[in-house]
Amino acid sequence: MTDRPLALVTGSSRGIGAAVARGLADTHRVLLGGRDATALSALAAELPDAQPWPVDLSDEAAVADAAARIDNLDVLVHSAGVARLGDVADSPAESWRANFEVNVVAVAELTRLLLPALRRAHGHVVVINSGQGLSAREGWGPYAASKFGVRAFADVLRAEEEPHGLRVTSVYPGRTDTEMQQAVVAGEGGEYRPEKFLRPESVADAVSAAVLAGPDAHLTDITVRPRPHR
Ligand SMILES: NC(=O)c1ccc[n+]([C@@H]2O[C@H](COP(=O)([O-])OP(=O)(O)OC[C@H]3O[C@@H](n4cnc5c(N)ncnc54)[C@H](OP(=O)(O)O)[C@@H]3O)[C@@H](O)[C@H]2O)c1
């Protein structure tokens, strides 16, 4: 199976990233990004051709070292993310930095390091954005600003790299049933009702649709919302 294309999925220890890795595993070899080596090994054992890629994305030296070992990459999915929410009045600099560090800076740096490998493969970069990257709501400032930032990053990357044969897709999910969403609802003081939210597999299906689109097609932006009545 070594002739299959290679995908790296960050944030694949759980949530949306784990579902994306499962979805791509039918057609790709998969490197599973995340910090929880135990969770990554357990997922790797379930999949036909996957291996853990345990790296803390805020550790620049570790990221550079791990990226240097990849010389050809067909798909890079950025799903790792954090959500530190709060009103502007209650959000200190640290909260803005925490969101920007993982949701923007780490995405830009990992992409930069892997660009030669992506160009070689005429590859595809997928950024898991958020509805908050399209329309920002009160109480979500530091997170929404980071998602607006990474939307700009993806748009610029697409403009710069399409001539080199790359595709760049932003996926904008609404609320999705993951640990991140559980923490958000706990912070809002509401009852957690998973049936109100998207399944991570539905977001993964959108990623697969972009990645598996014919070579003539470039799916640039995909919005996925939960359906209130189903
Ligand atoms: N859930 C939603 O409602 C929702 C909606 C729209 C968009 N999104 C976006 O979807 C993406 C995935 O979210 P999720 O709900 O799946 O979140 P999640 O369940 O909290 O998972 C987050 C993932 O990011 C990884 N991660 C966080 N910080 C990291 C770091 N410094 N280095 C390496 N990995 C790191 C975590 O790995 P560890 O195991 O190492 O912690 C984990 O795999 C995020 O970009 C999020 O903003 C989520």
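The values are calculated or read from the model by the stated rules, or taken from the named source; none is laboratory data. Model, not experiment: these values are computed from the prediction. As a convention, Cβ positions derive from the backbone with ideal geometry for all residues, glycine included, and neighbour counts pool all protein chains shown. Surface areas here come from the heavy atoms of the whole protein model, side chains and all, with no ligands, DNA or RNA. Shrake-Rupley method; radii C 1.70, N 1.55, O 1.52, S 1.80 Å.
Quick notes on this structure:
- Residues of the range 26-56 satisfying the condition of being more than 15 Å from the ligand (Cβ to nearest atom), of a type in the set (Asp, Glu) and farther than 13 Å from Ala204 by Cα: Glu46, Asp49
- The lone criterion from (1) closer than 26 Å to Tyr192 by Cα; (2) part of a helix (DSSP H, G or I); (3) in contact (Cβ under 8 Å) with a residue 24 or more places away in the chain left unmet by Ala144 is number (3).
- Taken together, the residues in the range 178-221 that are in contact with a strand residue (DSSP E or B) (Cβ under 7 Å, 6 or more places away or on another chain) and either among the charged types (D, E, K, R) or within 17 Å of Ala19 (Cα to Cα) (or both) amount to 10.
- Test result for Val63, open to solvent by 20 Å² or more (accessible area, probe 1.4 Å) and assigned to a helix (DSSP H, G or I): no
- Being surrounded by fewer than 18 Cβ atoms within 10 Å (Cβ to Cβ), within 16 Å of the ligand (Cβ to nearest atom) and charged (D, E, K, R) is a description that applies to Arg137.
- Exactly one residue among Leu73, Leu32, Leu8, Leu57 is under 24 Å from Arg97 (Cβ atoms) and either among the hydroxyl-bearing types (Ser, Thr, Tyr) or not in a helix (DSSP H, G or I) (or both), and that residue is Leu57.
- Residue pairs whose Cβ atoms lie under 6 Å apart, separated by 6 or more positions or on different chains, with the first residue in the range 164-190 and over 30 Å from Ala117 (Cα atoms) and the second more than 13 Å from the ligand (Cβ to nearest atom), do not occur.
- Gly23 vs. criteria more than 9 Å from the ligand (Cβ to nearest atom) and in contact (Cβ under 8 Å) with a residue 60 or more places away in the chain: yes
- Residue check for Ala62: within 14 Å of the ligand (Cβ to nearest atom) and either among the β-branched types (Val, Ile, Thr) or farther than 17 Å from Ser79 by Cα (or both): yes
- Screening the candidates Leu85, Leu40, Leu73 for the property of being closer than 18 Å to Val127 by Cα and buried (at least 17 other Cβ atoms within 10 Å of the Cβ) yields one hit, Leu73.
- Close pairs (7 angstrom Cβ cut-off, 6 or more residues apart or separate chains): farther than 23 Å from Leu113 by Cβ and at pLDDT 95 or above in the range 33-58, near the ligand (Cβ under 10 Å from one of its atoms) and in a strand (DSSP E or B) anywhere: Leu43/Leu32
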